[in-house]
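Report on the structure given below.
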Amino acid sequence: MSRWKAIVSYDGTNFLGYQVQASGRTVQQEIETVLKKMHKGLAVRIAASGRTDAGVHAIGQVIHWDSALTLASEAWKKALNAMLPHDIHIEKVERVNDDFHARYGAVKKTYHYHLHIGSEPNVFNRHFAYHFPYPLALAPMREAMERLCGTHDFTSFSSARSTVEDKVRTIYSYEVQERGQELIFKVTGSGFLYNMVRIMTGTLLDVGQGRISPAAIDEMLLAKNREAAGKTAPAHGLYLYEVQY
């Protein structure tokens, strides 16, 4: 029995999220269905670096599974991609040590949030970037990002439905990149709470519009109250970009 690690990208538009659910199409379900076929009906469970919600995309999701099949890395990749639907793609497969764990071994994660800021919507990327055609001041947004960096209790930036008790996380870097009619928010942290990146994005948009000052971020962190922060930005602009071990 060997343990295998894969980097997976997917278009989250037509999924109810990553994790298997009682009903509805999920990324985990699609991959496990293919693995079951490859193992002649034997169920194979995969573990991932974390869950993504309905509509959220991934460029660098990481999964692992155990198998007795004697396949080379490239053979695994080709076989999986040949049977997976077109909105999931295996980027890389490699054999790893038996103690590797896609979730518990992760030390850093990077998410990107894409914002389309053109005055008119782009029908071709409507599922891949949040259309926000309003003026934004980037300087105060960058200051707010700096205030979010560091180790904090991010209760105010977590969904009220989150059941995680320890809400302390570390943000290592946060930046915004301008690319034509797009803004890309890039954030790297030790881990992220439920809806945390989307809530931070919604709050940054409030800063960019002058509704709140960058200094208000400090007050939000101290409040430890979801109602203190901004709205949750839509799911379709969010990408799990990279997981580091």
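The values are calculated or read from the model by the stated rules, or taken from the named source; none is laboratory data. Owing to the predicted nature of the structure, the values given are computational and were not obtained by experimental measurement. Glycine gets a Cβ as well: all are built from the backbone with ideal geometry, and neighbour counts include every protein chain shown.
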Exception for L136 within (1) in contact with an Asp or Glu (Cβ under 6 Å, 6 or more places away or on another chain); (2) in the same structural domain as G237 (by TED's automatic domain parsing) falls at (1)
A careful count of residues in segment 54-84 that are over 13 Å from K5 (Cβ atoms) and not hydrophobic (A, V, I, L, M, F, W, C) gives 6
Condition set within 22 Å of the chain's Cα centre (by Cα) and of a type in the set (G, A, S), scope segment 199-229, selection surrounded by the most Cβ atoms within 10 Å (Cβ to Cβ): answer is A229
- Message: Against the condition buried (at least 17 other Cβ atoms within 10 Å of the Cβ), under 18 Å from the mean Cα position of the chain (by Cα) and either outside any loop (DSSP other than H, G, I, E, B) or not aromatic (F, W, Y) (or both), how does V34 come out, does it pass?
- Response: no
TODO: Report whether or not V34 is at pLDDT 95 or above and within 21 Å of L193 (Cβ to Cβ).
DONE: no
Query raised in the report: Has segment 69-81 got at least one residue that is touching a Leu at 6+ places or on another chain (Cβ under 9 Å), basic (K, R) and under 30 Å from K186 (Cβ atoms)?
Result: no
Just one listed residue, out of I90, I117, is at pLDDT 95 or above and more than 23 Å from Y18 (Cβ to Cβ), and it is I117
Yes or no: segment 164-183 includes at least one residue that is aromatic (F, W, Y), surrounded by 15 or more Cβ atoms within 10 Å (Cβ to Cβ) and under 20 Å from Y239 (Cβ atoms). yes
TODO: Kindly indicate whether any position in segment 63-79 is within 30 Å of M145 (Cα to Cα) and surrounded by 16 or more Cβ atoms within 10 Å (Cβ to Cβ).
DONE: yes
Being touching a residue at least 24 places away in the same chain (Cβ under 8 Å) and either in a strand (DSSP E or B) or of a type outside the set (D, E, K, R) (or both) narrows G41, G50 down to just G50
Of the residues in segment 166-218, those that are part of a strand (DSSP E or B) and either closer than 30 Å to E120 by Cα or not assigned by TED's automatic domain parsing to the domain that holds Y239 (or both) come to Y174, E175, V176, Q177, E178, R179, E182, L183, I184, F185, K186, V187
Restricted to segment 230-242 and to residues being small (G, A, S) and not in a helix (DSSP H, G or I), the residue surrounded by the fewest Cβ atoms within 10 Å (Cβ to Cβ) is G230
